[in-house]
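First the structure, in the form of structure tokens, and then the observations on it.
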């Protein structure tokens, strides 16, 4: 392991930076001097999750050359999986409380009906759909966080890679998969509350009395830990011979085949592994966001993900982290009304309206003028100290 | 010399154009064989068919001691069976070092999980050093292969072929764009390799073929026109017509 | 049928005998019945009026029905309109106008029942009215609320009907009425048999009306009723529904739902126990039922109907459906006719579905054809293509702001939309895409950036609400073949537009110098350049052409759907799918892809009509699978050109 860090000093630097950041946030949070509000801690925690999925995206795109426009779907699936348990367990608590007041103790059927009514009332149903079969078990739902994105990626990837769909075709295909999934979830009879999505996820069952400040800090730590572990995992994957092979696949797939490597297995492994990490990132993100709905999974989210990685710098893991953190924080600053409006005299530029225009044009600028992204600046600094 | 590869009656057409027409060739082991022919004779397509890139419409390709059919095997399976290929245009992985390029080609388990948990071994490093010495790139092992000269890239690719330790090497125009000194080195490389395995060289350059001093097969319009020593085939009237006629 | 004609013959035969009289004198004969009509007595008046054949009868009946007939103190009847304290009088016979004080008059107010009888009588006059519009109205009113009384007058009015269309309609309607109301079963069956080829909604309603069933339950199947079929609980109906039938028929005690059990248990808690079961144990249905059974045994609650009680009760009775129509011959005929009609309707629906699919395919084709050029021919992936469609649609909207005439504005908008998006495409190609020709994935991202910028820009300029793009009046409405098959003109127009584009693009690519150069540049830019073709110029023009076509498609799509800033995004994935499924680099492929996707989507929607979202989901899944089997699309390029 020592040699791994020695060979990859940037990983060590990254871990140190992340550690310092975590300590700094703790000091500034309400647990410390109270400079940072709880909602800002949540934003930071969510950003760490986005950084994690961006790292996964960087591995699949920047290293393996698969521009997947479906990884945010895996992220969303992770969110849904954990959200189902959160919603079920919390509703169960509320229902049990209200039924306890009755003279006769409730039957299991009555409890289940009442929970069903609470959860599915908005879509005009009270029956538990099949997908909720394991919603009462935290362990099984956490297993789903890993299994469902993993299996979906495995099946989809197997189909796509074996028929040698590559390049933009693969991108379009993954985008279609994402679109199909989000359209499916938008239906009321999808069993996941249609466009209402799952809500109230910030209330963690069993911690009803714990203040949100503490919960958000806990999730912030969990996200930081997940990012650290994910980063090390991927740094290890891409640093060895595996990294060599997947970069070779990115650069010349057919040449790698003639070297005797079964390219499809490699792509499938990378695609599935990153999908699983994306699912885990989503499972950590949505309890902090509090709500998940099908719009989150729409293809555009996956494209944004690609854009973060492009802006941060492809083919370097810290670039993905920088891109995701930079663009998503900037985005919430601009759209949250944090940026001051610019008065041009004849027209006032209101950033909530113009941020997307700016962002869109900056993709163009980055792809045209800074193909290495922000991360490319580091090369510049290192080369010319 | 036993037969390693037997191609018989293979045809393939693209949009009605017969690129390979009832082609039959046998390669022994060890053997050095040169394949020559005018443009469009089907040289590259011949290699594509053997390596699994193109599927023939008809014909048989039998490989090795167990007489396995190569039809229906994927490119990577064929490569693992012991057929290595060098492309016309040098295709090395330019973003990676010479060492990484060679390490990827080394004859090791190719499964994704064994690659993921691959440990760099002493033996592997020795073999890389050995090949680097053979192709004259010992000093460049740590360099990015994109920074190599054209000739060095060709050698690196031959080195990668050697690292694969194949029984049959298919080499497409190895001397293109090389200085005469580099050509001499390339010739030596190939001749040495052909002592223990089969090497098939596709080449335009008659001078280079002459230097290889081996059996020559002339392809024309997708089938074998003549076969024998270089002097024998160049004396053949049809071969002269084909070459002059173009 | 024969009886009806007999009746008509008699009726017409009597008419001349009474012709000498005028309207007022006939009314005077029945003055009491006219002034105070009752449902029984009014028929005598109506019969005489009908037989009289006088021209003013219909007008009089209408006024009578509308309570606009007044009687003067001397007994004379007038049609009158109130004006304050005065009446504007119209003489019933001469039509002479006059005014008089209300004081001398009494208004005649027939009650509702009488008015209906008058209305029915009125029909026969209206049906033979000289005015075509009034006859048409009368026929329509019969169609709205058919009843038995209308049959005879309707039949009588067929022969003298001068208008061929209306006569056909009358025959059809008379047939409907005969099917339901004709006097003899044979007449009805004949009428029903006549309907076996009528696919109209009306005809199906008439047949369904005849075949109306009601559920029934009894110890034995009744043999004096026209039984439609036997129902088996658990198979044709849920056991609960069957049991409710029994309960409704008073043949079984009502079930005790869980809520009632609980309420009963709550009401009988006695010292922490209910019928010896501790309250804390009442958290399963089994324990609750035991406690309830205990209460029932003590006679404190009605007994529980257990599932086995329910099954036993259901086994003891027969469940069936009975036709409201008693005559089996008639219901059999109706069933036969309906089956035949439904076969025809199904065939018609298939045709209609195919037309729908065709128009959807045209829309996809229009949306994708520009892409087939930029993506298919040039290999440039332009995620902003959808926004070019949107730009075209907004161009049409803006043009309509300045040119109020819709026909003219569309004629102006089409070339203008082409010009605008051509310009946008050329600009984008020059500024962005040409620098990225060998980096397709980055082209995807850069054009996606342009796409979101354009979308937001449109939102900032035009707002988030949908803008109208109104089609000219001559495109409103639909081409109706039958009640089942119809297609709106706008869809036909889009179909025609798609055909024009197909022809145009094939012409440009295959028959013009530009097309030749485009193909040369896409196949081998270096060689093309050495032959004096300027690849930069060709790329620019090709991209402009593809974008310009997107603009025109935008106008067409805007006419048919809403114009919003997101409309492009709705089509972009489908458009790429169309091109990929069809086969990249081939206009025919795009056509094939659009057809496949259009027909597929309509087909799936037909299987699952309530849910278009699901239809889209399944369609995309199908496409993903389709690409497994034909990775290069339907019309695949072969050979070396397709290798990379």
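The values are calculated or read from the model by the stated rules, or taken from the named source; none is laboratory data. Here the structure is a predicted model, which is why all the values come from computation and not from measurement. FYI the Cβ positions are ideal-geometry reconstructions off the backbone, even for glycines, and counts take in every protein chain you see.
When residues of the range C:583-614 are filtered for being closer than 17 Å to residue C:363 by Cα and free of Cβ contacts under 8 Å to residues at least 12 places away in the same chain, how many remain?
Initially, the range C:583-614 is screened for residues closer than 17 Å to residue C:363 by Cα, giving C:587-603, C:605, C:612.
Narrowing the set further to residues that are free of Cβ contacts under 8 Å to residues at least 12 places away in the same chain leaves C:605, C:612.
The number of residues fulfilling the criteria is 2.
Condition (residue is more than 14 Å from chain A (Cβ to nearest Cβ), closer than 23 Å to residue C:570 by Cα, in contact (Cβ under 8 Å) with a residue 60 or more places away in the chain and over 35 Å from the mean Cα position of the chain (by Cα)) applied to the range C:440-461: is it met by at least one residue? Show your work before the answer.
Of the residues in the range C:440-461, the ones more than 14 Å from chain A (Cβ to nearest Cβ) are none.
Checked against the condition, which is being more than 14 Å from chain A (Cβ to nearest Cβ), closer than 23 Å to residue C:570 by Cα, in contact (Cβ under 8 Å) with a residue 60 or more places away in the chain and over 35 Å from the mean Cα position of the chain (by Cα), the range C:440-461 yields no hits at all.
For the range A:338-385: of the residues being more than 14 Å from chain C (Cβ to nearest Cβ) and touching a helix residue (DSSP H, G or I) at 6+ places or on another chain (Cβ under 6 Å), which is modelled with the lowest pLDDT?
Checked the range A:338-385; the qualifying residue modelled with the lowest pLDDT is A:339.
Residue A:133 is checked against (1) surrounded by 15 or more Cβ atoms within 10 Å (Cβ to Cβ); (2) away from chain C (no Cβ under 14 Å) and fails just one. What number does that condition carry?
Result: residue A:133 passes all but (1).
Against the definition (touching a residue at least 24 places away in the same chain (Cβ under 8 Å), crowded, with 22+ Cβ neighbours inside 10 Å, more than 10 Å from every other protein chain (Cβ to nearest Cβ) and touching a strand residue (DSSP E or B) at 6+ places or on another chain (Cβ under 9 Å)), how does residue C:396 come out, yes or no?
It is true that residue C:396 is touching a residue at least 24 places away in the same chain (Cβ under 8 Å), crowded, with 22+ Cβ neighbours inside 10 Å, more than 10 Å from every other protein chain (Cβ to nearest Cβ) and touching a strand residue (DSSP E or B) at 6+ places or on another chain (Cβ under 9 Å).
Go through the range B:60-159 and tell me which helices (runs of 4 or more DSSP H), entirely inside it, have 3 or more residues that are farther than 30 Å from residue B:179 by Cβ and in contact with a helix residue (DSSP H, G or I) (Cβ under 9 Å, 6 or more places away or on another chain).
B:75-81, B:112-116
Checking residue C:229 against (1) surrounded by fewer than 14 Cβ atoms within 10 Å (Cβ to Cβ); (2) touching a helix residue (DSSP H, G or I) at 6+ places or on another chain (Cβ under 9 Å), which test does it fail?
Failed condition: (2).
Evaluate the following for residue C:546: is it assigned to a helix (DSSP H, G or I) and assigned by TED's automatic domain parsing to the domain that holds residue C:496?
In short, yes.
Can you confirm whether residue C:516 is surrounded by fewer than 21 Cβ atoms within 10 Å (Cβ to Cβ), over 30 Å from residue A:314 (Cβ atoms), out of contact with any helix residue (DSSP H, G or I) (no Cβ under 6 Å at 6 or more places or on another chain) and assigned by TED's automatic domain parsing to the domain that holds residue C:367?
So residue C:516 fits the description; yes.
Looking at the range C:580-594, is at least one residue crowded, with 22+ Cβ neighbours inside 10 Å and within 23 Å of residue C:488 (Cα to Cα)?
yes
Which of the residues that make up the range C:96-115 are over 47 Å from the mean Cα position of the chain (by Cα) and in a loop (DSSP other than H, G, I, E, B)? Let's see the steps before the verdict.
So in the range C:96-115, the residues over 47 Å from the mean Cα position of the chain (by Cα) come out as C:96-106.
Correct list: C:96 only.
Residue by residue through the range A:258-273, note down the ones that are modelled with pLDDT under 90 and part of a helix (DSSP H, G or I). Write out each step before concluding.
Residues of the range A:258-273 that are modelled with pLDDT under 90, as a first pass: A:258-260.
Matches in the range A:258-273: A:258 only.
Which of the residues spanning the range B:13-43 are in a strand (DSSP E or B), within 14 Å of chain C (Cβ to nearest Cβ) and in contact (Cβ under 8 Å) with a residue 60 or more places away in the chain?
Listed by number, the residues that qualify are B:18, B:19, B:20.
Scan the range B:33-53 residue by residue and report those that are closer than 22 Å to residue B:239 by Cβ and surrounded by 20 or more Cβ atoms within 10 Å (Cβ to Cβ).
B:33, B:34, B:35, B:36, B:37, B:41, B:42, B:43, B:45, B:46, B:47
Could you look through the range A:17-34, keep only residues that are touching a residue at least 40 places away in the same chain (Cβ under 8 Å) and farther than 24 Å from residue A:319 by Cβ, and pick out the one that is surrounded by the most Cβ atoms within 10 Å (Cβ to Cβ)?
Filtering the range A:17-34 for residues that are touching a residue at least 40 places away in the same chain (Cβ under 8 Å) and farther than 24 Å from residue A:319 by Cβ, the one surrounded by the most Cβ atoms within 10 Å (Cβ to Cβ) comes out as A:29.
For the range A:233-244, check the following and say yes or no: at least one residue is in contact with a strand residue (DSSP E or B) (Cβ under 7 Å, 6 or more places away or on another chain), within 7 Å of chain B (Cβ to nearest Cβ) and farther than 19 Å from residue A:67 by Cβ.
No: zero hits.
Look at residue C:580 and say whether it is in contact (Cβ under 8 Å) with a residue 24 or more places away in the chain, within 43 Å of the chain's Cα centre (by Cα) and within 14 Å of chain A (Cβ to nearest Cβ).
Yes, satisfied.
Which of the residues that make up the range B:97-107 are at the interface with chain A (Cβ under 10 Å from one of its Cβ atoms) and buried (at least 18 other Cβ atoms within 10 Å of the Cβ)?
Scanning the range B:97-107 gives B:97, B:99, B:100, B:101, B:103, B:104, B:105, B:106.
For the range A:257-309, how many residues are away from chain B (no Cβ under 14 Å), touching a strand residue (DSSP E or B) at 6+ places or on another chain (Cβ under 7 Å) and buried (at least 21 other Cβ atoms within 10 Å of the Cβ)?
Adding up the residues that qualify gives 2.
Report the residue count in the range B:1-26 for those that are under 15 Å from the mean Cα position of the chain (by Cα) and crowded, with 22+ Cβ neighbours inside 10 Å.
The total comes to 1.
Yes/no matrix, rows are residues, columns are (1) surrounded by fewer than 24 Cβ atoms within 10 Å (Cβ to Cβ); (2) in a loop (DSSP other than H, G, I, E, B):
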{"residue": "A:77", "(1), (2)": "no, no"}
{"residue": "A:83", "(1), (2)": "no, no"}
{"residue": "A:93", "(1), (2)": "yes, no"}
{"residue": "A:120", "(1), (2)": "yes, no"}
{"residue": "A:128", "(1), (2)": "yes, yes"}
{"residue": "A:140", "(1), (2)": "yes, no"}
{"residue": "A:154", "(1), (2)": "yes, no"}
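Residue by residue through the range B:46-72, note down the ones that are under 12 Å from the mean Cα position of the chain (by Cα) and within 14 Å of chain A (Cβ to nearest Cβ).
Selection gives B:47, B:48, B:50, B:51.
Quick one: count up the residues across the range B:73-96 that are facing chain A (nearest Cβ under 9 Å), surrounded by fewer than 23 Cβ atoms within 10 Å (Cβ to Cβ) and farther than 26 Å from residue B:63 by Cβ.
So the count comes out to 3.
Can residue C:490 be described as within 30 Å of the chain's Cα centre (by Cα) and surrounded by fewer than 19 Cβ atoms within 10 Å (Cβ to Cβ)?
Against the criterion (within 30 Å of the chain's Cα centre (by Cα) and surrounded by fewer than 19 Cβ atoms within 10 Å (Cβ to Cβ)), residue C:490 qualifies.
Going residue by residue through the range A:114-123, is there one that turns out to be without any contact (Cβ under 8 Å) to a residue 60 or more places away in the chain, within 13 Å of another protein chain (Cβ to nearest Cβ) and farther than 30 Å from residue A:238 by Cα?
Yes, that holds for at least one residue.
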